[in-house]
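The values are calculated or read from the model by the stated rules, or taken from the named source; none is laboratory data. It should be emphasised that the depicted structure is a prediction, and the values quoted were computed from it without experimental measurement. Cβ: placed from backbone, ideal geometry, glycine included. Neighbour counts: every protein chain shown.
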Amino acid sequence: MLTIQPFTSSTKLEVINLYISTFSTGLSEQYIDKLELDAYIEAILEHGYSLLAYDNEFLIGALLSCPFLTNDSIPPMILNNYLIEKCVYVAEMMVKEEARGKGIGTALLNRFFQTIDKSKYSDAFIRVWEENTGAIVLYEQHGFKAIATVIQNKMTTDKKEVFSMRKIYLHKKLV
């Protein structure tokens with residue numbers, strides 16, 4: 001049975017493990033510094049709004065959001081055209097590989113749009129790697145439109161090489 005619950009300090013370790021399993025293996029495999037990740041997740045927990053998807057007692061997905069102001073790499077196109085104080089940022093959207101394609105991402109996004117404080121936020125943004133076509137399709141199905149790109153440098157899991165990922169910022173007006 002799928003349940004969507006808020007993120008609390010007691011679930012932080014589960015979220016960290018989901019993040020590591022999502023981004024340190026497979027197509028987007030990269031090195032993840034666990035101390036930096038802990039601080040990042042803690043900041044989202046402190047300032048953000050997040051949802052967790054469970055199948056029985058097992059975490060299978062998460063949507064972590066925060067005020068867009070907390071993002072340190074907002075492209076100028078967005079800074080110059082949106083009132084950033086009124087923007088929410090979906091900082092992370094993760095679904096366990098074996099649970100993908102089963103509606104978990106849709107359930108998380110639907111709950112997010114039902115519960116986000118629209119008196120506080122007028123716009124939502126999300127960033128996705130350009131090669132994650134499944135996620136791009138999901139976000140577009142929920143009304144997001146691509147508006148900007150950035151290049152992020154990442155390190156291989158063995159920390160021997162640096163590689164670049166082109167990320168797409170997508171926007172949705174909240175109504």
Quiz item: What single numbered condition from (1) assigned to a loop (DSSP other than H, G, I, E, B); (2) free of Cβ contacts under 8 Å to residues at least 60 places away in the same chain fails to hold for ILE20?
Solution: (1)
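Can you give me the ranges of the strands (runs of 3 or more DSSP E) entirely in region 69-175 with at least 3 residues that are over 14 Å from the mean Cα position of the chain (by Cα) and among the charged types (D, E, K, R)?
Filter on region 69-175 gives 162-173.
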Quiz item: Which numbered condition trips up LEU138, out of (1) among the hydrophobic types (A, V, I, L, M, F, W, C); (2) without any contact (Cβ under 8 Å) to a residue 12 or more places away in the chain; (3) in contact with a helix residue (DSSP H, G or I) (Cβ under 6 Å, 6 or more places away or on another chain)?
Solution: (2)
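Going through region 83-92 one residue at a time, which ones are free of Cβ contacts under 8 Å to residues at least 24 places away in the same chain and surrounded by 14 or more Cβ atoms within 10 Å (Cβ to Cβ)? Even if it seems obvious, please write down each step before you answer.
So the first thing to find is which residues in region 83-92 are free of Cβ contacts under 8 Å to residues at least 24 places away in the same chain, and the list is 84-85.
Selection gives ILE84 alone.
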Self-check item: Test set (1) exposed (fewer than 15 other Cβ atoms within 10 Å of the Cβ); (2) touching a helix residue (DSSP H, G or I) at 6+ places or on another chain (Cβ under 8 Å); (3) touching a residue at least 60 places away in the same chain (Cβ under 8 Å) - LEU69 fails condition number
Solution: (3)
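Inspect region 106-113 for any residue being touching a Ser or Thr at 6+ places or on another chain (Cβ under 8 Å), under 24 Å from ILE41 (Cβ atoms) and among the basic types (Lys, Arg) and give the result as yes or no. Steps first, please.
First pass over region 106-113, keeping only residues touching a Ser or Thr at 6+ places or on another chain (Cβ under 8 Å): 112.
Retained after the next criterion (residues that are under 24 Å from ILE41 (Cβ atoms)): 112.
Next, from what is left, pick out any that are among the basic types (Lys, Arg): none.
Among the residues of region 106-113, not one is touching a Ser or Thr at 6+ places or on another chain (Cβ under 8 Å), under 24 Å from ILE41 (Cβ atoms) and among the basic types (Lys, Arg), which makes the answer no.
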Quiz item: Any idea which residue in region 24-59 is farthest from ASN110 (Cα to Cα), counting only those that are among the hydrophobic types (A, V, I, L, M, F, W, C) and touching a Leu at 6+ places or on another chain (Cβ under 9 Å)?
Solution: ILE41
Quiz item: Quick check: anything in region 33-53 closer than 25 Å to GLU130 by Cβ, at pLDDT 95 or above and of a type in the set (Ser, Thr, Tyr)?
Solution: no
Practice problem: Please work out which residue is nearest to LEU27 (Cα to Cα), limiting yourself to region 72-82 and to residues that are out of contact with any Phe, Trp or Tyr (no Cβ under 7 Å at 6 or more places or on another chain) and either in contact (Cβ under 8 Å) with a residue 40 or more places away in the chain or surrounded by 18 or more Cβ atoms within 10 Å (Cβ to Cβ) (or both). | Solution: SER73
Self-check item: Which numbered condition ILE41 misses (of (1) touching a residue at least 60 places away in the same chain (Cβ under 8 Å); (2) crowded, with 17+ Cβ neighbours inside 10 Å; (3) under 27 Å from ASP158 (Cα atoms))
Solution: (1)
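Please go through region 44-59 and pick out each residue that is surrounded by 13 or more Cβ atoms within 10 Å (Cβ to Cβ) and part of a helix (DSSP H, G or I).
At the first step, the residues of region 44-59 found to be surrounded by 13 or more Cβ atoms within 10 Å (Cβ to Cβ) are 44-45, 48-55, 59.
Of everything in region 44-59, those that are surrounded by 13 or more Cβ atoms within 10 Å (Cβ to Cβ) and part of a helix (DSSP H, G or I) turn out to be ILE44, LEU45.
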